[in-house]
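> Got a structure here, written out as structure tokens. Questions coming.
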Amino acid sequence: MLSEKTISIIKSTVPVLEVHGVAITKRFYQLLFTNHPELMNVFNHANQRQGKQQAALANAVYAAAQYIDKLETILPAVKQIAHKHRSLGITADQYPIVGQNLLQAIKEVLGDAATDEILDAWAEAYGVIASVFISVEAEMYQEAEQQQGGWAGYRAFRVERKVQESSVITSFYFVPQDGGSIASFKPGQYVSVKMDIPGEKNTHIRQYSLSDAPGKPYYRISVKREDTLPSKPAGVVSVYLHEQMKEGEVLWLSAPAGDFTLDLEDIRPVVLISGGVGLTPMVSMLNTLVDTKTDRQVTFIHAAQNGEYHALKQQVEEKVSQTSGAAAHWCYSNPTVLDTGAFHKEGYIDLPWLQKVIPNKDAVFYFCGPVPFMAHINRLLLEWNVPAEQIHYEFFGPSGSLDQP
Ligand code: HEM
């Protein structure tokens, strides 16, 4: 239990964190990787380079500081992060390491302003926050291990099949190397994929949504090849998976995790909207609804540049045709002559079109895609007065905010 004094010190440093949050976490990562180079095998360096992870951690620390006397208020956020940590294999003994380096970074960035009193208060508060994470994650590890076909940590899987789904998206079907059963999962969940890539110093871990329904003898992920862009280098892992990984090769998977999941108890109509590779959790949700013979009205909407970039089209059309209450709609931003007659809307999704293709506004909406795409869809739904309770979305990569102009 923190003292009143500690709580008030922590709360009074929130404005300081607002100003220095990103600088502190940036310095923190430099210190962390210098003092513990083994952790370079755990963190995603592409996220580091783009500063995304710094922002995510800064936001989490800021939120925790603001709610330090009522941490239960931020439990949903803690759980979302804990899912990610559990999926990555983060352990309790790594928390003090992070704490020490974070405190050192606060000290260095704040300079004289970081009095012993402030540093002590932060050390204490970090301990409280860390113990919440550790206990939530301990429960998640236990659940993952005790589930039928489940496991804690990483398990060897073989690439049973590799299927090109579009010019940039390829599916990988994984089966366990030990021949055992695999855990079920909730549609929308992801796995961490861990691998050593020839020529790379560190092990790489990435999260990918499962793109098929549970209950199969395999896990399927569908990966977009991240080619070089003016704003960012090519994705080391996605390019390796696409170009080098062969059927029969082995990599490591953690058990499915994540809290962006389809509520199968709900009986309301459901609308699944995706942009680009954001379709992977949506296809998992669609396939699950169809496999479980849902009575719900299901609307699947996918936005792609054009047919060349449109993955899993035929599979989705087949699934939708198996259920009377389901429909799929394709929106191409930049169709070519080859796409004539193969899509339903040209340009971007807009509200009049959404209102035309969605039979019932009292539906639950799930969407996923690039951040500007999600911000656009969120805005349209709010403009349509869809209550926030009916809106669910997931960020690929570190979580952020959809409050974009
Ligand atoms: C991811 C917060 C402790 C390793 C994250 C994210 C947040 C966060 C907000 C981003 C989640 C997302 O993507 O949605 C925290 C807080 C901690 C803590 C508040 C302490 C109380 C740790 C520890 C480790 C760790 C002890 C182990 C060394 C990671 C890794 C990621 C992550 C590897 C994924 C980032 C990436 O590679 O892009 N954490 N974390 N975290 N955390 Fe933590």
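The values are calculated or read from the model by the stated rules, or taken from the named source; none is laboratory data. Since we're looking at a predicted model, the values are computed, not measured. Here the Cβ is made from the backbone with ideal geometry for all residues, glycine too, and neighbour counts use every protein chain on show. Note: areas computed on protein heavy atoms with side chains; ligands, DNA, RNA excluded. Shrake-Rupley method; radii C 1.70, N 1.55, O 1.52, S 1.80 Å.
> Determine whether Leu110 is in contact with a Leu (Cβ under 8 Å, 6 or more places away or on another chain) and closer than 19 Å to Leu31 by Cβ.
Taking the combined requirement at face value, the residue does not satisfy it.
> Let me ask something else about it. For the stretch 373-393, check the following and say yes or no: at least one residue is closer than 19 Å to Met285 by Cα, open to solvent by less than 50 Å² (accessible area, probe 1.4 Å) and touching a Ser or Thr at 6+ places or on another chain (Cβ under 7 Å).
Within the stretch 373-393, not a single residue is closer than 19 Å to Met285 by Cα, open to solvent by less than 50 Å² (accessible area, probe 1.4 Å) and touching a Ser or Thr at 6+ places or on another chain (Cβ under 7 Å).
> Keeping to the stretch 276-290, report how many residues are of a type in the set (Ser, Thr, Tyr) and either more than 20 Å from Asn306 (Cα to Cα) or surrounded by fewer than 24 Cβ atoms within 10 Å (Cβ to Cβ) (or both).
Total meeting the criteria: 2.
> Enumerate the pairs (first residue in the stretch 310-325 and on the phi > 0 side of the Ramachandran plot; second residue anywhere and open to solvent by 20 Å² or more (accessible area, probe 1.4 Å) and not hydroxyl-bearing (Ser, Thr, Tyr)) with beta-carbon separation below 8 Å, excluding pairs fewer than 6 apart on the same chain, so at least 6 apart or on different chains.
Leu312/Glu165
> Take Gly369 and decide whether it is surrounded by 12 or more Cβ atoms within 10 Å (Cβ to Cβ), touching a residue at least 40 places away in the same chain (Cβ under 8 Å), at positive phi and not aliphatic (A, V, I, L, M).
In short, yes.
> Continuing with this model, one more query. Can you tell which of Ser171, Ser209, Ser192, Ser238 is over 16 Å from Gly258 (Cα atoms), within 16 Å of the ligand (Cβ to nearest atom) and outside any loop (DSSP other than H, G, I, E, B)?
None of the other options fit; the residue is Ser238.
> Also, I was wondering about something else. Of all residues being outside any helix (DSSP H, G or I) and of a type in the set (A, V, I, L, M, F, W, C) in the stretch 83-114, which is most open to solvent (accessible area, probe 1.4 Å)? Just the residue, please.
Among those residues, the one meeting the criterion is Ala92.
> Something else now. Just give me the residues in the stretch 372-386 being under 23 Å from Asp259 (Cβ atoms) and free of Cβ contacts under 8 Å to residues at least 60 places away in the same chain, in sequence order.
Ala375, Asn378, Leu381, Leu382, Val386, listed by residue number.
> Does any residue of the stretch 256-274 turn out to be in contact with a Ser or Thr (Cβ under 6 Å, 6 or more places away or on another chain) and under 30 Å from Glu145 (Cβ atoms)?
Scanning the stretch 256-274 turns up at least one residue that is in contact with a Ser or Thr (Cβ under 6 Å, 6 or more places away or on another chain) and under 30 Å from Glu145 (Cβ atoms).
Each row is one residue, and each column tells you yes or no for (1) at pLDDT 90 or above; (2) within 12 Å of the ligand (Cβ to nearest atom); (3) under 22 Å from the mean Cα position of the chain (by Cα).
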residue	(1), (2), (3)
Gln80	yes, yes, yes
Ser87	yes, yes, yes
Asp93	yes, yes, no
Asn101	yes, yes, no
Glu108	yes, no, no
Ala113	no, no, no
Asp116	yes, no, no
Asp120	yes, no, no
Gly127	yes, yes, no
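> Is at least one residue of the stretch 151-159 open to solvent by less than 60 Å² (accessible area, probe 1.4 Å) and in contact with a helix residue (DSSP H, G or I) (Cβ under 7 Å, 6 or more places away or on another chain)?
Yes, the stretch 151-159 contains at least one residue that is open to solvent by less than 60 Å² (accessible area, probe 1.4 Å) and in contact with a helix residue (DSSP H, G or I) (Cβ under 7 Å, 6 or more places away or on another chain).
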